[in-house]
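The values are calculated or read from the model by the stated rules, or taken from the named source; none is laboratory data. Bear in mind the structure is a predicted one, so any value in this text is a computation, not a measurement. Here the Cβ is made from the backbone with ideal geometry for all residues, glycine too, and neighbour counts use every protein chain on show.
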Amino acid sequence: MMVDHPLISITSAKNIKSNAALVILYVTMFLVIAGVGIITPFFPFLAKEMGASSFELGLMVALFSLAQVLAAPFWGRLSDQVGRKPVLVAGLIGYALSYYLLILAPDLKLLMLSRLVGGLLSASTFPSAQAYLVDLTSEQKRGDGMSYMAAASNLGFVLGPVLGSLLMVLGIRAAFAIGGTLILITGVLAAILLPSMSGRVSVLHEDRHKDPREIWKAMLGRNSVLLWTTLLISFGSITIYSILGYYLIEKFDALTSDAAIVYTLMGGVSVILQTFVVGKSLRRFGEDVPIIFSLLLGAIGFAGLIYSPSLSVLYACIVVIAASLALSRPAILVALSRRTRLSQGLTMGLQGSFDSFGRVVGPMWAGWIFGFSPSLPYWSSVIALTLAAGLQIMAYKAESPL
């Protein structure tokens, strides 16, 4: 009769607990993004209803991201110090409360204030969740883990607009209230179900994260290309989330249902690719080649969007853009987690700041130049992704052996 070795049994038990924690983490991100997905397609229509110009719409999106830029490193460092779970839960509950402030806003000023508060509080969710995942996975399995987390998030983004469309019969504000309640419930479930990471938080280079010089090296050193690429991707892709509603209204006289189709397509493509393709491609090709390929693909997609003669062609271009983002974002996160010299929480916080900074500048720029021509924001997207691809190609050649 075979007897299990105690060490093997202990290791298996730890693996089971880690896998269970990962599943809970994926479900948590699915639920929070489903709540976000309910309001994203319809927010431009609410802003339009309240008389917002394209620039004011861009400003509201930018305020949300500006708050995330300022808060993400703080939340990331705090998650290194006190643990991932309390930071994640606090961010989820606070973000949910900002939804209620949003639906009570009687004018544009308070609508903007609600987005600012939402950005400050939501900034904790992704850095802490990503660092949580890094703590739970080995380097070999990290690519799959990041892909599955992204897939879970995008599945929420698929179902969110669908649920939002069904809830629109109750009115935009009622749909937003339900989205906020979903995020609030997610925070409560995360507090109950997610295990504490006490004693397991990654302490790789724990002394370096206290030295500001190391942070500057991360932002300006050899691997900083990944951070600047993140900024360019968010700057280029934010036009889909900030100004596309106005673009659809201006060019195709679109309805809220048309916007819902766009975001459902984006989420659906992302779920499929990130579940079945991204992890395998990262294992086979590493991170650099998929990043370069996806950036060029995205530039092509945005160029096609500009010349779309009908909604059906625009939907096809959205599929291409979604494929680009589905591949590039997990690849960059995996590359950063492997190459960083800082703690994982702070690294993900820095990545979140660069990502959010692109989402600060991008909406304001897009909202302003939209007033000159509806296609100009998307030409900016083409240029941003092409430039990012060029930076990655140069960095890849510099690191490649002769």
Can you tell me how many residues within region 252-266 are touching a residue at least 12 places away in the same chain (Cβ under 8 Å) and part of a loop (DSSP other than H, G, I, E, B)?
1
So, A13, is that one assigned to a helix (DSSP H, G or I), of a type outside the set (F, W, Y), out of contact with any Phe, Trp or Tyr (no Cβ under 7 Å at 6 or more places or on another chain) and at pLDDT 55 or above or not?
no
Exactly one of (1) closer than 21 Å to S124 by Cβ; (2) modelled with pLDDT under 80; (3) surrounded by 13 or more Cβ atoms within 10 Å (Cβ to Cβ) is unmet by L182. Its number?
(2)
Taking the residues in region 331-343 that are in a helix (DSSP H, G or I) and touching a Leu at 6+ places or on another chain (Cβ under 7 Å) as candidates, determine which candidate is surrounded by the most Cβ atoms within 10 Å (Cβ to Cβ).
A331
Answer yes if at least one residue in region 94-112 is crowded, with 20+ Cβ neighbours inside 10 Å, touching a residue at least 24 places away in the same chain (Cβ under 8 Å), of a type in the set (F, W, Y) and on the phi < 0 side of the Ramachandran plot, and no otherwise.
yes
Output for region 296-310, where each listed residue is touching a Phe, Trp or Tyr at 6+ places or on another chain (Cβ under 9 Å) and among the aliphatic types (A, V, I, L, M):
A303, L305, I306
For region 286-313, what are the residues that are aromatic (F, W, Y), buried (at least 21 other Cβ atoms within 10 Å of the Cβ) and either modelled with pLDDT under 95 or not in a helix (DSSP H, G or I) (or both)?
none
For L70, indicate whether it is of a type outside the set (D, E), within 29 Å of A174 (Cβ to Cβ) and not in a loop (DSSP other than H, G, I, E, B).
no
Which one is nearest to A71 (Cα to Cα), of the residues in region 95-130 that are within 22 Å of the chain's Cα centre (by Cα) and part of a loop (DSSP other than H, G, I, E, B)?
A123
Y148 - would you say it is in contact with a Gly (Cβ under 9 Å, 6 or more places away or on another chain) and either surrounded by fewer than 24 Cβ atoms within 10 Å (Cβ to Cβ) or at pLDDT below 65 (or both)?
yes
How many residues are under 21 Å from R339 (Cβ atoms), assigned to a helix (DSSP H, G or I) and out of contact with any helix residue (DSSP H, G or I) (no Cβ under 7 Å at 6 or more places or on another chain) if we restrict to region 136-187?
2
